[in-house]
Structure formats: C-alpha cells, structure tokens
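Chemist: Just passing along the structure, written as structure tokens.
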Amino acid sequence: MQLSRIAVAGASGLIGSALVRSLTADGHEVVRLVRREPRGEDEVRWDAEAGRVDTAGLAGCDAVVNLAGAGVGSRRWTEAYKTRIHDSRVNGTSALAKAVASLDEPPRVFVNGSAMGYYGETGDRIVDEDSPAGEGFLPELCVEWEAAAAPAQQAGVRTVFTRTGLVVGRGGGAWGRLFPLFQAGLGGRMGDGRQYWSFIALHDEVAAIRHLLETDGLSGPFNLTAPQPLTNREITEAMGRVLHRPTLFTVPAPVLRTVLGEMAGDVLGSARVRPTRLLESGFTFAFPEIDAAIRAAA
C-alpha cells in the first residue's frame, strides 16, 4: 500500500523518533502530534491523558501511528504514576480512534502501540499472538489499551496492535539504561537470570512497523520481538561479549523489589514471546541474534 501522509503520536520517543526519520528519509510527509501549541502544518495538538485531539489536523492522513505513553520503566510505580501510565495509553488511544472514525475520509490504517506485557509472566512457556492475556497491572492495561481502539475498527479502518518487546537501542527504554552500566563494567544479571527477555533491535522494530503499515490485509495483534527470546543470563553474557566488559555484578531479587517496588516484577518476570504472525506475514529480521542487535545499537 502506498502511503504519503502519516500522523505519528509519540514521535519524540525512542521508537517514534526512529520511525519518523525512516519515513521522512523515504519521502513521506509526517504529521507529529504534540502537546504544545503547533508550530507548523506538520504538527497537530493533542493531550493523550486528557483524551483530546485536534481531529481536523488528521484530515488527509493515509495512516495514523500511536506510540505515545508514559514510560513504564521511567520511575517507581506509585498509584499516581500507574494512573498516568494507564491514562496516557488508554485515553490517548480512545481519543485517536474516535477522531479517526469521525473523519469523512478516515485513514486506511491505524497502528496502535501495545506491549508484550499483554502476556504477563510466562515462565518457560512460549507464547504467541494466540495466547491469552496474563494477570496483573501490565496485562490488564494492555487489554484495555487495545480495546480502546474499537471505534477505528468499527469504522472499518484496518487496525494493528504492536506488542513490542524490549527494544535494543541507546536513545531510551530499558536498553538505554543498560548500555552505560555495562560499558562501565557494572552490568550483570538480574535475580537468578533465568527469566526470559524477548528483545528486538530498534532497526527491526521500525522496519516491522513499516511492514505493518504498508502491507494490506494485516490487522490485529503482532508480537514485535526477535524470533528467539533469551534468558537474562544469556543477554548479560552477550552484552559483556560485545562490549568487551566484565559482567560480574548481580542484582539480587530482594534488592530489585526494594528499589523498584511493584515494577520489579516486570524486570524479574519471564516473557518468552514469539513473533509468529509477523514471521508468517513475510517479515524478515535484519538483526535476529542478540549479538548483532547489540552491535547495531552500540
């Protein structure tokens, strides 16, 4: 499918900024959704948490991509911050979906962010898009987050959910905090290191989103994770190997729980997620192996 004008919410984040660079480099017109007063025709005013969007600014867009949301790992999960995490995703998605549905000529595709947190704790069990949601704050959030896109689906707009894993990149997210620690020789496994971390290179994350945008007929959930998830111990060894640094430190589970509170469950939990539907759709990973993904980011 040929696209020309694409609206992106969350354009300043790790994934959003990389996606915008990729789209503009290929000649697409990108409209950024911003919380401040727009400074040009390439910006549209919105407030995700309040659920407000300047619908008129989306007119003429071929696609809308929503990657906005308060950082899950940015700070300790107080009740107030959990509310912010929820509202920035659910209210923002609802507002965009309703805006999309209300347009006389709605965009052809709506790609809405989600997360592999949908599956919750998986242990050693492999899960894919056919697996049910888990239990707890993140799975319940993801279910509500995806359900908020219903107005776009009901209006006949092809709607895709990107259940993203841990993105290997320097500009933000979990790996943005890991790189400095490992380069300083302070990196190491977390807890017993047996929990699975499903990762994806930033390059592949952007390429996958573009694949989902541009391929007619693709809708519903897609896991954006590399084909072979690894344990935290294996990833720790890879970081040391690629960065040529020792990985002698270990952060015990009780310490993580004390420092991070409820969020420690996300760090210590296991997510063994496979991108079954993405692979079946014909997508090819450029960096399927962890060493190559780390090198691409380093």
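The values are calculated or read from the model by the stated rules, or taken from the named source; none is laboratory data. What you see is a predicted model; the values in this text were computed from it and never measured. Quick reminder, even Gly has a Cβ in these numbers, built from the backbone with ideal geometry, and neighbours come from all protein chains shown. These accessible areas exclude ligands, DNA and RNA; they are computed on the full protein's heavy atoms, side chains included. Shrake-Rupley method; radii C 1.70, N 1.55, O 1.52, S 1.80 Å.
Chemist: Would you check if there is a residue in segment 81-97 being assigned to a loop (DSSP other than H, G, I, E, B) and touching a Lys or Arg at 6+ places or on another chain (Cβ under 8 Å)?
Modeler: No: zero hits.
Chemist: I'm trying to understand the selection: among the residues of segment 167-196, which are open to solvent by less than 40 Å² (accessible area, probe 1.4 Å), within 15 Å of Val251 (Cα to Cα) and part of a strand (DSSP E or B)?
Modeler: The answer is Gly188, Met190.
Chemist: Let me ask you something else. In segment 69-92, what count of residues is obtained for those that are closer than 19 Å to Leu224 by Cα and at pLDDT 95 or above?
Modeler: Going through segment 69-92 one residue at a time, the tally reaches 1.
Chemist: Then there's this: Could you please find all residues in segment 275-295 being open to solvent by 70 Å² or more (accessible area, probe 1.4 Å) and assigned to a loop (DSSP other than H, G, I, E, B)?
Modeler: Thr284, Glu289
Condition check ((1) closer than 18 Å to Glu140 by Cα; (2) surrounded by fewer than 21 Cβ atoms within 10 Å (Cβ to Cβ); (3) touching a helix residue (DSSP H, G or I) at 6+ places or on another chain (Cβ under 7 Å)) across all residues:
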position: Tyr81; (1), (2), (3): yes, yes, no
position: Val109; (1), (2), (3): no, no, yes
position: Met116; (1), (2), (3): yes, no, no
position: Arg125; (1), (2), (3): no, yes, no
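Chemist: Check whether at least one residue in segment 223-233 is within 27 Å of Ser114 (Cβ to Cβ), surrounded by fewer than 17 Cβ atoms within 10 Å (Cβ to Cβ) and either modelled with pLDDT of 95 or more or touching an Asp or Glu at 6+ places or on another chain (Cβ under 8 Å) (or both), and report yes or no.
Modeler: Yes, there is a match, as at least one residue in segment 223-233 is within 27 Å of Ser114 (Cβ to Cβ), surrounded by fewer than 17 Cβ atoms within 10 Å (Cβ to Cβ) and either modelled with pLDDT of 95 or more or touching an Asp or Glu at 6+ places or on another chain (Cβ under 8 Å) (or both).
Chemist: Right, something else. Do we have Ala11 as under 26 Å from Ala174 (Cβ atoms), without any contact (Cβ under 8 Å) to a residue 24 or more places away in the chain, of a type in the set (Gly, Ala, Ser) and assigned to a loop (DSSP other than H, G, I, E, B) here?
Modeler: When the stated conditions are applied, Ala11 does not pass them.
Chemist: Now a separate question. Scan segment 43-67 for residues that are touching a helix residue (DSSP H, G or I) at 6+ places or on another chain (Cβ under 7 Å), part of a helix (DSSP H, G or I) and open to solvent by 10 Å² or more (accessible area, probe 1.4 Å) and jot them down.
Modeler: Within segment 43-67, just Thr55 meets the criteria.
Chemist: Give all pairs with beta carbons closer than 7 Å in which a residue from segment 80-98 that is within 15 Å of Ala9 (Cα to Cα) meets a residue that is polar (S, T, N, Q); count only pairs at least 6 apart in sequence or on separate chains.
Modeler: Gly92/Asn66; Thr93/Asn66; Thr93/Asn112; Leu96/Asn66
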